[in-house]
Amino acid sequence: MLQITPLRRRALFWAVAGIGFGLAYRYLVVQQHWIGHLCDPGNGPWWCGPRTGLILFFQYSGFGILAVLAGAYALWRGQGWAIYTALCAGGAGLVLYNAETAGIGFVMGLIAALRPSGAADNKSVTGEERA
């Protein structure tokens, strides 16, 4: 039976936060035509620069690459911050046009969050040493 541990609860929070950020950013900032037109002339408000930077970040698969790197590290070392980073960046990338690479990182973060706590030190669930 799958137990809800504090690590898994935090992992769920960061996955939902990443997906929520991606949805909010996509539908409230990126796809609003009036915001794009406001930033077109080059003399828009102060937030046009960070908006353009984040758009370039996900155009070049930044969220997906970050999710894959963090997910691989989470599978290798089992660090909580890597699991949360993989889930958050993967969730945001799934919504922000990086579905291919972000999906891989998201799944790696899920696997790392859901594996038994003794799996990282080469022991089975019953505590026996594996070959």
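The values are calculated or read from the model by the stated rules, or taken from the named source; none is laboratory data. Everything quoted here is computed from the prediction, not taken from an experiment. Positions of Cβ are backbone-derived with ideal geometry, glycine not excepted, and every protein chain shown enters the neighbour counts.
In this structure, does residue 85 turn out to be buried (at least 22 other Cβ atoms within 10 Å of the Cβ), polar (S, T, N, Q) and either touching a helix residue (DSSP H, G or I) at 6+ places or on another chain (Cβ under 8 Å) or free of Cβ contacts under 8 Å to residues at least 60 places away in the same chain (or both)? Judged against the criteria, residue 85 is a match.
Per-residue answers, yes or no, for (1) in contact with a helix residue (DSSP H, G or I) (Cβ under 6 Å, 6 or more places away or on another chain); (2) outside any helix (DSSP H, G or I); (3) surrounded by 16 or more Cβ atoms within 10 Å (Cβ to Cβ):
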{"residue": "4", "(1), (2), (3)": "no, yes, no"}
{"residue": "9", "(1), (2), (3)": "no, no, no"}
{"residue": "12", "(1), (2), (3)": "no, no, no"}
{"residue": "18", "(1), (2), (3)": "yes, no, yes"}
{"residue": "21", "(1), (2), (3)": "yes, no, yes"}
{"residue": "24", "(1), (2), (3)": "no, no, no"}
{"residue": "28", "(1), (2), (3)": "no, no, no"}
{"residue": "38", "(1), (2), (3)": "no, no, no"}
{"residue": "46", "(1), (2), (3)": "no, yes, no"}
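Do we have any residue at all in region 10-27 that's more than 20 Å from the chain's Cα centre (by Cα) and either more than 19 Å from residue 101 (Cα to Cα) or not β-branched (Val, Ile, Thr) (or both)? The answer is no; no qualifying residue exists. Could we say that residue 105 is closer than 17 Å to residue 60 by Cβ, part of a helix (DSSP H, G or I) and at pLDDT 95 or above here? The answer is yes for residue 105.
Taking region 95-119 as the range and being surrounded by fewer than 24 Cβ atoms within 10 Å (Cβ to Cβ) and hydrophobic (A, V, I, L, M, F, W, C) as the test, the residues that pass are 95, 99, 104, 107, 110, 111, 113, 114, 119. Among all residues of region 58-76, there is at least one that is part of a helix (DSSP H, G or I), modelled with pLDDT under 90 and not small (Gly, Ala, Ser).
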